Structures are given as C-alpha cells and as structure tokens.
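Everything on this sheet refers to the single structure shown next.
Any read-out appearing in this document is the output of simple, stated calculations on the displayed coordinates, not a laboratory observation. For clarity, every value in this text was computed on a predicted model and none was experimentally measured. Cβ atoms come from the backbone with ideal geometry, glycine included; neighbour counts cover every protein chain shown.
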Amino acid sequence: MGYDDEYREWVKHLERSNRALQRIIREYDRRVTKKRDRPLCGAMTRAGIPCQARAVWDTDKDKPRNGRCRMHGGLSTGPRTPEGKRRSLDALARAVQARRG
Ligand SMILES: [Zn+2]
C-alpha cells in the first residue's frame, strides 16, 4: 500500500470517527438541559447579591447535583458512606493532632 492509499484510509477513518462524535454530541444535546435553562446557584456572595452562576449539573440524571455552582459547594457534597465519613473524621483528628504538635 502506497503513501496515498494510506493517507486516504486515514482520512476515511477520521471522517468516520468525526461522524460518530457528531452523533454523540447530537444525542447529548437532545438529552441534557441547556446551560441557560438550568437554575442559578443563588448562594449569597460577599458582594451581597445572590450568585448568578449555574448549578453543577448531573448530566446522567439531567438534574442539579445539589443546587449550588462549582464555587459554592456544587462539586462535592462531602463523604456519604459511613466509612467515608469515618476516614474524613480520622483525617481531621490527625490534622488537629499535628497542629498541636
Ligand atoms: Zn455560586
């Protein structure tokens, strides 16, 4: 196979993967609420006005994770399992211990 053939194969491959990608994006767009239609965070800012950023979105469930934006706790809601809470408290205890020396 010459260089031209390999090149054409490569272009064909790229076109195929691009079409697959476009299909995935179209499906995502149909399935998930648009960013401008999502609720605002609303946390009180230091400026004294409610935060205007959009809440962090769970795209699998198409609903907000906990109603807050990425700056106001939307990314993490902390440990959920008893084991995770346990580990978190252990780490806190170690940190306090280390500070006391
Ligand atoms: Zn916010």
Tell me, in nm to one decimal, what length is gained between ASP58 and ALA95 on full extension, where the rule is 0.36 nm per residue of separation less the Cα-Cα distance? 10.1 nm
Three semi-axes of the equivalent ellipsoid, the chain, Cα gyration tensor, whole Å, largest first: 44, 25, 14
Acute angle (nearest 10 degrees) that the helix 82-100 long axis makes with the longest principal axis of the chain, alpha-carbon atoms: 60 degrees
Between ARG87 and TRP10, take the C-beta separation as r, use R0 = 41 Å, and let me know the FRET efficiency to the nearest 0.05. 0.25
Roughly how tilted is helix 3-31, in degrees to the nearest 10 and between 0 and 90, from the longest Cα axis of the chain? 40 degrees
Per-residue ellipticity at 222 nm for the chain, helices alone: DSSP H runs ≥ 4 residues times -39500 (n - 2.57), over residue total, nearest 500 deg cm²/dmol? -17000 deg cm²/dmol
